[in-house]
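Peer 1: Sharing a structure here in structure tokens format.
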Amino acid sequence: MFVLAHRGMGKGRYENTLKSFKEGLSYGAHGVELDVRLTRDGVVILNHDPDLKRTMGLDVKISEKTFAELEEMGLVGFDALTTLEEIYRELPEDIFVDVEIKAVEAVPEVIKIVKRFDALERTMFSSFHHDCLHEFKEELCCPMVAPIIDKELLRPGGEEFLYKVIERYRPYSVNLNKDLFENIGLEKGLSLLRKIREEGTRVALWTLNDSDLFLKVRDVCDFLITDRSDVMMEVV
């Protein structure tokens, strides 16, 4: 079981910053989950949203600014924007990294960075944009790809959709919303995840912050993506 610090310590002003990641890791988390986008000049930068409105209150779109322009605006730093390179450079070399691809155009640069830091064996590539995962398989040897599946699983035919995704991408893991237990029930959810794992695919659950639920699902979960690594590591 790996506990991954979701954007560090979760949603908020300091999400996806070195400050937040280091705090999440300080509680003993095994790794981090982060979101990547691309600046106008091709720098892989960490940000969940396409702009900075929610986190910084600024009407600034990442893809429309160069990295230098963001630096000049004072938006890059320990408790502000950072890059994927900085994550591999500044965080411990033994941590696991779940790189969620928010902008598919970032994939080629992400591949270059992971190769440069020789971090393939500790990096998982996840995305809602499933087709971009093919590029990792084409360019890397045995990459850990992980399609993210959310509400599709809760619709009629959801399980069939899930297994089609697994058949098509042969993923290392499938990353699923923990809300599936509320929608299909605990026992049915446990049975589904157990079957996925028995057939050779790992399971990551996001964003799980409830220690009681964690105790119920920990035996069918390989990765716990959480905003509360402080709480979850105590349970572990």
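The values are calculated or read from the model by the stated rules, or taken from the named source; none is laboratory data. Small disclaimer: the values here were computed from a predicted structure and weren't measured. Because the Cβ atoms are built from the backbone with ideal geometry, glycine has one as well, and the counts that use them run over all protein chains shown. Just the protein is used for accessible areas: all its heavy atoms, side chains included, with ligands, DNA and RNA removed. Shrake-Rupley method; radii C 1.70, N 1.55, O 1.52, S 1.80 Å.
Peer 1: Restricting to region 45-84, name every residue that is closer than 19 Å to Glu100 by Cβ, β-branched (Val, Ile, Thr) and outside any loop (DSSP other than H, G, I, E, B).
Peer 2: If the condition is that a residue be closer than 19 Å to Glu100 by Cβ, β-branched (Val, Ile, Thr) and outside any loop (DSSP other than H, G, I, E, B), then Ile45, Thr55, Ile62, Thr83 are the ones that fit.
Peer 1: Of the residues Phe96, Phe67, Phe78, which is within 23 Å of Phe136 (Cα to Cα), modelled with pLDDT of 95 or more and among the aromatic types (Phe, Trp, Tyr)? Before the answer, list the steps.
Peer 2: On the way: Phe67 fails: within 23 Å of Phe136 (Cα to Cα); Phe78 fails: within 23 Å of Phe136 (Cα to Cα).
Criteria check complete, one pass: Phe96.
Peer 1: Moving to a separate point now. So is Leu25 in a helix (DSSP H, G or I) and open to solvent by 20 Å² or more (accessible area, probe 1.4 Å) or not?
Peer 2: Criteria met by Leu25.
Peer 1: Given the criteria under 18 Å from the mean Cα position of the chain (by Cα), open to solvent by 50 Å² or more (accessible area, probe 1.4 Å), of a type outside the set (Phe, Trp, Tyr) and farther than 22 Å from Leu208 by Cα, does His134 qualify? Break it down stepwise before answering.
Peer 2: On the way: under 18 Å from the mean Cα position of the chain (by Cα): yes; open to solvent by 50 Å² or more (accessible area, probe 1.4 Å): yes; of a type outside the set (Phe, Trp, Tyr): yes; farther than 22 Å from Leu208 by Cα: yes.
Against the criterion (under 18 Å from the mean Cα position of the chain (by Cα), open to solvent by 50 Å² or more (accessible area, probe 1.4 Å), of a type outside the set (Phe, Trp, Tyr) and farther than 22 Å from Leu208 by Cα), His134 qualifies.
Peer 1: Please name all residue pairs, on different chains or six or more residues apart, with Cβ atoms under 6 Å, provided the first residue is in region 75-87 and is without any contact (Cβ under 8 Å) to a residue 60 or more places away in the chain and the second residue is in a helix (DSSP H, G or I).
Peer 2: Within 6 Å, the pairs are Val76/Leu70; Leu84/Ile113; Glu85/Ile113.
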